[in-house]
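Here the structure comes first, spelled out in structure tokens, and everything after it is commentary.
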Amino acid sequence: MIIRAENNNDYSQVRAIHLAAFEGPGEATLVDQLRAKATPIISLVAMSDDNNIVGHIMISPVGLSGHDDLNIMGLAPVAVLPEYQNKGFGSEMIRSAIKQCQQLKFDAIVVLGHENYYPRFGFKISTEFSIRCEYDVPAENFMVMELYEGALTGKTGTVKYHPCFANL
Ligand SMILES: CC(C)(COP(=O)(O)OP(=O)(O)OC[C@H]1O[C@@H](n2cnc3c(N)ncnc32)[C@H](O)[C@@H]1OP(=O)(O)O)[C@@H](O)C(=O)NCCC(=O)NCCS
């Protein structure tokens with residue numbers, strides 16, 4: 001399994017992965033829009049042993065109200081082709097993306113997702129922080145990871161995703 005940066009030859013395969021993994025075209029279109037409009041982004045693909053792209057992850061900046069000085073990233077979306085799911089591709093992509101965020105000295109990462117999946121990577125339920133999501137979602141599905149100790153200590157606010165997310 002290889003995780004590498006996405007390049008411009010990968011776009012159609014990446015789109016196909018999101019179309020296959022999610023119910024509608026929303027996430028596939030979101031990826032195309034974020035790639036064009038959000039900066040900086042982290043966009044990685046997972047390659048199978050026979051050299052096919054079988055997974056993709058994108059991370060883009062989010063804002064925390066009242067804290068323009070913080071660099072917080074939002075993990076979304078992440079997808080693996082259905083026939084390759086539960087083989088570790090998603091986990092490897094998530095770990096690589098977190099590592100890149102640390103190397104780039106971002107402050108924190110947020111994710112909206114399943115409460116049984118993301119804690120294994122170090123995400124904590126958002127209620128452990130004074131940070132809320134702009135969307136009306138169950139508290140346990142909005143999770144936060146500080147990229148160094150105390151990154152979010154004393155920080156209060158609402159996380160706002162890139163405007164492209166409004167079309168989801
Ligand atoms: C979620 C997803 C990216 C995980 O990738 P993956 O390669 O299948 O996952 P891994 O092999 O690394 O990890 C497997 C674990 O994830 C869990 N898992 C897989 N999909 C899950 C989901 N949608 N919700 C919660 N847990 C999930 C499995 O139950 C398994 O748990 P276990 O280790 O406790 O047995 C992939 O299943 C997928 O593309 N799902 C459809 C799209 C989606 O829901 N994306 C996430 C929302 S943005």
Next item on the list: Compute the acute angle (0 to 90°) between the alpha-carbon long axis of helix 11-21 and the principal axis of greatest extent of the alpha-carbon atoms of the chain; round to the nearest 10°.
Entry: 80
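If each DSSP helix of 4+ residues adds -39,500 (n - 2.57) and the sum is divided by the residues in the chain, what number results at 222 nm, nearest 500 deg cm²/dmol? Please list the in-between numbers first.
On the way: 3 runs with 38 residues, N = 168.
One gets -7000 deg cm²/dmol as the mean residue ellipticity at 222 nm.
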Note to self: Please give me the summed charge of the neighbours of P163: other residues whose Cβ is under 15 Å from its Cβ, Lys and Arg +1, Asp and Glu -1.
What the structure shows: +1
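So, R0 is 22 Å and r is the distance between the beta-carbons of N86 and K124; what FRET efficiency does that work out to, to 0.05? It would help to have the intermediate numbers written out before the result.
On the way: r = 24 Å, r/R0 = 1.09.
Step by step, r from the Cβ atoms, then E = 0.35.
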Margin query: How far apart, in nanometres, would the label points at E115 and S65 be if each is projected 7 angstrom from Cα along the Cα-to-Cβ direction?
Written below: 2.3
Note to self: Modelling each spin label as a point 7 Å along the Cα-to-Cβ direction, I'd like the V137/N9 distance in nm, to one decimal.
What the structure shows: 3.4
Check: What is the spread of the Cα atoms of the stretch 1-148 along each of their three principal axes, largest first, in whole Å?
Finding: 44, 30, 29
Notebook entry, point to check: Picking from Q102, V45, F142, whose Cα lies most toward the positive end of the charge dipole for the chain (charges on Cβ: Lys, Arg +1; Asp, Glu -1)?
Noted result: Q102
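Rounded to the nearest 0.05, what FRET efficiency is calculated for N51 and L104 with R0 set to 41 Å and r the Cβ-Cβ distance?
Details: r = 28 Å, r/R0 = 0.67.
Efficiency, from the Cβ-Cβ distance: 0.90.
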Checklist line | Peptides ranked, highest mean first, by Cβ atoms within 10 Å: ranges 156-163, 78-85 | finding: 78-85, 156-163
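We did not get these values from a lab; they are worked out from the coordinates using the rules stated. All of these numbers come straight from a predicted model, not from anything done at the bench. Quick reminder, even Gly has a Cβ in these numbers, built from the backbone with ideal geometry, and neighbours come from all protein chains shown.
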